[in-house]
Each structure stands twice: as C-alpha cells, then as structure tokens.
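K.L.:
Quick one: structure below, then a few questions.
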Amino acid sequence: MNRPFRLIDQGRVIETEAIVRDGAVVLPGGPAVLGWEWKDEGLCRGDICIPVRDADALRADGGVDLAALARTLGRPLAVDPAEGAAALAEAPADRSARLASRAAPDFTLPDLAGKMHSLSDHVGKKVLLVVYASW
Amino acid sequence: MPITVALERSADDARPFIEAAAPTHPSLIDTGHRVAELYHITNVPTMLWIDEQGRICRPHDSQFGTDTFAEVTKKLSAPYLEMIRDWVRTGAGALDAEDVRRLQPAPSEESELARAERALGWYLHQRGSESAARVHLERAGRLAPLDWTIRRGSLPILGENPFGPAFFEMAAEGKPEYALEALTPTHAPDTGDG
C-alpha cells in the first residue's frame, strides 16, 4: 500500500510515495523519482550512465528499492521508514572531485529580508566567503 | 566582496548578529547547512577565498574577524585581515591549484552519511517529530564526531546549550582543525599600524 514519502535530496524535498515493508522502502515511481531512467546501458541521467550488473536487486514491486538505488548511485542514505522520510548525501567521490577541481560550488540563500542571493551573482569579483554561527 | 553565511536554525537566530554588523555585503542564512555540505565545512567560523573566475584559491581557515574570543582561541584577527587586504589589492596569498587541493579537507563515506543523517534529523525537527529527529541528529554526531557544524550545531536543535557541558565533553575529545590553520600567521607580532 502506497503512503506519502519525503526524499531530501541536497536541500530539495521531493514528495513521492513509498511502500514500506520490513524496514525496506520501495519507490513505485522508480529511479525517475531522482531523475534516472533505465536504459540498455544501465541507469542513466542526462549524459551519465551507471552500468547495473544485478538489476533484480534494484527492481522491486514494479518500482525501485531505495537503499539499493542509493548504493548504486554511490550516495550515502539516511532513512526513517516509520517517519516516511529519507535524505541522500552527495556521493563522496563526486564531492571530492568537484572540490579538487577548485570550482566554488554555487548556492542560493536568503538574506534577512528574504531576498535570494547566489554566489554566481559575483563571478568576476574576488569573494571572501565567511561561514559562522551563534554556536 | 564578502559574503557571510550563518548556519542558524532561523533568520531570527541570525538577526541580532546581522543587524549589529549592518553589512553592505550579502549576509545570508543557511538553515539547511547547504554551504557546509557543498564546501565540506566542519567548524565555524571559517573563511575561504574565491577568485574572479569562481575558483577556490585559499581553502578553509578557522579565522576570526574580531578579537572577541582571542583569549580562548589564542588567535588574533589583525594578521588575517591584513592578508585579506593584501589579496584584494595584489592577489597575494592566493594558493596554487596543488596547494588548494592538498589543504582542502576531503569528504568521506562517514562524513557524508553524517550529513544525510543531519539533513534528515533537521527535516524531522521542522516537522515536529522531535524524538525521531533526535535519533538522526545523534547518529550524525557519532558518525562525524569532529564535524562541529553537525555535533555542536545540533545542540540548540536538541534544546541543549552549545556553550555548556555537552560542548565541553565534545571539546575534550578534540577540536576540528583545518590544515591551513597551522600555516596562517595569526600570532604575528603587532605591526603597529593601528
């Protein structure tokens, strides 16, 4: 039986459905929930394809097993089946590679007035990024 | 162009600091700790330098903009602020590609799983599922004990004092240190230029 399920993907909340059974979470929406699709080459998104040796371990009940999908994508997964929510980290290899490229990752955040600002608004200037907290 | 990012639970928590500073630069609020995730930040305050081409040219350095905590941290703000001024004027202090890579902290399976657990805990807290939130926030802290954006940053979410006993226990286990800290002259003698 489908129930609402929230996937937190790098700051974005994806509202979808899941079948939760014995602690396993199956997404009837399949890998498309995260923007991936099945092709002959394996799981693909845009130009990237990940070969999948054991598709049966991924496919379940017409959808996809969330934990198996996360493993295939190399993305650490935190899941709370009872609460109907999970969060996916970026694959450490991808994050490392991007940082090694030195490209400063873009972000968009609000100021106190709620106005959104992006790092990319300031390309062409030197930027001193200061991160702080009250704790 | 300075851009400041506050890792706070809400705009209201950041408000007193931002209003006191009355900045003319972007002063942003990051309740989801997105910048901590993207830049692999494990403690605050941290500063990093981004050049005109959008490349990190000096990675994380635990530096302070004022001397408010100098007694405790043994760090003076003036030498680092002078370095920043030199960089803006002449580009000095920017590191080459190899040094940036070498001095940048590297994400791992555990550190990134900890970030996923924190993100889940934060979401559950916002939804009012407090006991479930606690499970994931505490798990995050165990996975990355030296990531204070997670372990210390979660204390206010859990209703605990980030300057109290829980923090002292954490500090006794060791403090996160960025590789650059050892190289930045924060104890340089006073140049006397006021």
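Here, each number is a calculation from the coordinates, and none is a lab measurement. None of these values were measured; they are calculated from a predicted model. Glycine gets a Cβ as well: all are built from the backbone with ideal geometry, and neighbour counts include every protein chain shown.
K.L.:
Using the Cα atoms of chain B, I'd like the radius of gyration and the largest Cα-Cα distance, Dmax, both in angstrom.
P.N.:
Rg and Dmax of chain B, Cα atoms, are 17.5, 55 Å.
K.L.:
Run a plain Debye calculation on the stretch A:3-94 (Cα atoms as equal point scatterers, no solvent) and give log10 I(q)/I(0) at q = 0.13 Å⁻¹, rounded to two decimals, same order as the q list.
P.N.:
Computed log10 I(q)/I(0) values: -0.39.
K.L.:
May I ask you to list the residues of the stretch A:55-92 whose amide nitrogen lies under 17 Å from a point 7 Å from Cα along the Cα→beta-carbon direction of A:ASN2?
P.N.:
A:60-66, A:84-85
K.L.:
If you don't mind, another one. Can you sort A:MET116, A:MET1 by how many other beta carbons sit within 10 Å, fewest first?
P.N.:
Values: A:MET116 11, A:MET1 6.
The most exposed by this proxy come first: A:MET1, A:MET116.
K.L.:
Please identify the trypsin sites (Lys or Arg not before Pro) of the stretch B:1-87 that satisfy two criteria: DSSP loop assignment and at most 16 other Cβ atoms within 10 Å. Which are they? Before the final figure, lay out the partial values.
P.N.:
Numbers: sites: B:ARG9, B:ARG34, B:ARG55, B:LYS74, B:LYS75, B:ARG85; in loops: B:ARG9, B:LYS74, B:LYS75.
Hits after loop and neighbour filter: B:LYS74.
K.L.:
Can you give me the long-range amide H partners of B:VAL5? Hydrogens built in the peptide plane at 1.01 Å from N, cutoff under 5 Å, separation of 5 or more residues or another chain.
P.N.:
Counting only residues 5 or more places away or on other chains, the set is A:VAL130, A:VAL131, A:TYR132, B:LEU28.
K.L.:
Using only the alpha carbons of the stretch B:109-172, determine the length spanned along each of the three principal axes and report them from longest to shortest in whole angstroms.
P.N.:
Principal axes ranked by extent give 31, 28, 14 Å for the Cα atoms.
K.L.:
Would you compute, from DSSP H runs of 4+ residues alone, the mean residue ellipticity of chain B at 222 nm, taking -39500 (n - 2.57) per run and dividing by the full residue count, rounded to the nearest 500? Display every interim value, and only then the final one.
P.N.:
Values: 10 runs with 90 residues, N = 194.
Taken over chain B, the calculation gives -13000 deg cm²/dmol.
K.L.:
Please arrange B:GLU82, B:GLU117, A:GLU41 by how many other C-beta atoms lie within 10 Å of their C-beta, fewest to most.
P.N.:
On the way: B:GLU82 15, B:GLU117 28, A:GLU41 11.
Neighbour counts put them in this order, fewest first: A:GLU41, B:GLU82, B:GLU117.
K.L.:
Rounded, prolate or oblate for the stretch B:32-105? Axes are the square roots of the Cα gyration tensor eigenvalues, ordered a ≥ b ≥ c, and the cut-off for rounded is a/c under 1.5.
P.N.:
Values: a/c = 1.94, a/b = 1.15, b/c = 1.70.
Judged from the Cα gyration tensor, the stretch B:32-105 comes out oblate (a/c at least 1.5, b/c at or above a/b).
K.L.:
Hey, rough spin-label estimate for B:MET1 and A:GLU41, points 7 angstrom out along Cα→Cβ, what's it come to in nanometres?
P.N.:
3.6
K.L.:
Something else: Hey, quick one: spin label on B:ALA172, modelled 7 Å out along Cα-Cβ, who in the stretch B:115-138 has an amide N within reach, i.e. under 16 Å?
P.N.:
Under cut-off, by backbone N: nothing.
K.L.:
Next question. Sort out for me the Cα centre separation of the stretch B:126-175 from the stretch A:20-40, rounded to whole Å.
P.N.:
Rounded to whole Å, the Cα centres lie 32 Å apart.
K.L.:
Can you give me the three principal axis dimensions of the protein assembly as shown from its C-alpha atoms, in Å, biggest first?
P.N.:
The Cα atoms of the protein assembly as shown stretch 73, 43, 38 Å along the principal axes, largest first.
K.L.:
What is the dipole size for chain A, taken about its Cα centre, with +1 at each Lys and Arg Cβ and -1 at each Asp and Glu Cβ, in debye to the nearest 20? Display every interim value, and only then the final one.
P.N.:
Details: 16 positive and 19 negative charges, 118 e Å.
Around 560 debye, computed over chain A.
K.L.:
For A:ASP94, B:ASP147, what's the fewest-to-most ordering of other Cβ within 10 Å of each Cβ? Show your work: numbers first, answer last.
P.N.:
Numbers: A:ASP94 15, B:ASP147 24.
Lowest count first: A:ASP94, B:ASP147.
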